[in-house]
Amino acid sequence: QHQRHLMQPAFHRQRLTQYATVMTTYSARLSQSWQDGDRLDIAPAMMRVTLAIAAKTLLDADVEDEATDISRAITTLLRLSPRLNLPFAPLLRKLPLPGHIKLRRAQHYLDTLIYRLIDERRATGGDTGDVLSMLLQAQTDDGRPMSPRQIHDEALTLLLAGHQTTALALSWSWYLLAQHPDVDATMHEELLTVLGG
């Protein structure tokens, strides 16, 4: 509840308007890279664009160059982390099993990324109005700043939640639009009229 209250201003109406600009910019950039007749795997494309959007809007970070590596690490983390809940998981984690090694590498990569973004923001000292700025300025109930680990955990959770679920929803939306040309045509007409082309 306390964390949610701290982050609430990042999701106010004027912030969402700014986020919409980021979303349309990144989406337009992606669509301009496509050519008529191209064949592409839409799921990875949606993963990359939603990751870039989530990182920019939530953390004010440009991660497009790292998107493939980040997405791969997130996928590994989400696929293999349920193993951590198995009985004897602490003992099993010590074994050099291929899955555990991959999981540790993915966790290390994401930890390094998030801590780097936190350190960069602290170094600039700026408030960009994003969630990361608010987390860095936030105080606990007793007036202390949040620990680096708390900030890391919140930022990583938002990055995970803000990109993977959205990418999956968009991927299935493209599939469903391909199955229903009448709905696809209606959507294109609305895009032309509402967004002016």
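Which of the residues spanning the range 123-140 are in a helix (DSSP H, G or I) and either of a type in the set (Val, Ile, Thr) or loosely packed, with under 13 Cβ neighbours inside 10 Å (or both)?
Pass one, the range 123-140, residues in a helix (DSSP H, G or I): 123-124, 131-137.
Matches in the range 123-140: 123, 124, 131, 137.
Residue 31 falls short on exactly one of the conditions (1) open to solvent by 80 Å² or more (accessible area, probe 1.4 Å); (2) part of a helix (DSSP H, G or I), and that condition is (1).
If you check 38, 69, which single one turns out to be free of Cβ contacts under 8 Å to residues at least 60 places away in the same chain and either of a type in the set (S, T, N, Q) or farther than 21 Å from residue 153 by Cβ (or both)? Break it down into steps so the answer makes sense when it comes.
Working: 69 fails: either of a type in the set (S, T, N, Q) or farther than 21 Å from residue 153 by Cβ (or both).
Selected residue: 38, the only one of 38, 69 that is free of Cβ contacts under 8 Å to residues at least 60 places away in the same chain and either of a type in the set (S, T, N, Q) or farther than 21 Å from residue 153 by Cβ (or both).
Yes or no: residue 159 within 17 Å of the chain's Cα centre (by Cα), farther than 19 Å from residue 27 by Cβ and surrounded by 13 or more Cβ atoms within 10 Å (Cβ to Cβ)?
On the way: within 17 Å of the chain's Cα centre (by Cα): yes; farther than 19 Å from residue 27 by Cβ: no; surrounded by 13 or more Cβ atoms within 10 Å (Cβ to Cβ): yes.
Answer is no for this residue.
Scanning the range 145-197 for residues that are small (Gly, Ala, Ser), farther than 30 Å from residue 121 by Cβ and part of a helix (DSSP H, G or I) returns 171, 173, 178, 185. Counting only residues that are among the aliphatic types (A, V, I, L, M) and touching a helix residue (DSSP H, G or I) at 6+ places or on another chain (Cβ under 7 Å), which one in the range 179-195 is least open to solvent (accessible area, probe 1.4 Å)? Filtering first and then ranking leaves 187. When the residues of the range 54-66 are filtered to those that are open to solvent by 20 Å² or more (accessible area, probe 1.4 Å) and in contact with a helix residue (DSSP H, G or I) (Cβ under 6 Å, 6 or more places away or on another chain), which remaining residue is nearest to residue 134 (Cα to Cα)? This residue is 56.
The values are calculated or read from the model by the stated rules, or taken from the named source; none is laboratory data. Predicted, not measured: the structure shown is a model, and the values here were computed from it. Every residue, glycine as well, gets a Cβ built from its backbone with ideal geometry; the counts of neighbours run over all protein chains shown. Surface accessibility is based on the protein's heavy atoms, side chains included, excluding ligands, DNA and RNA. Shrake-Rupley method; radii C 1.70, N 1.55, O 1.52, S 1.80 Å.
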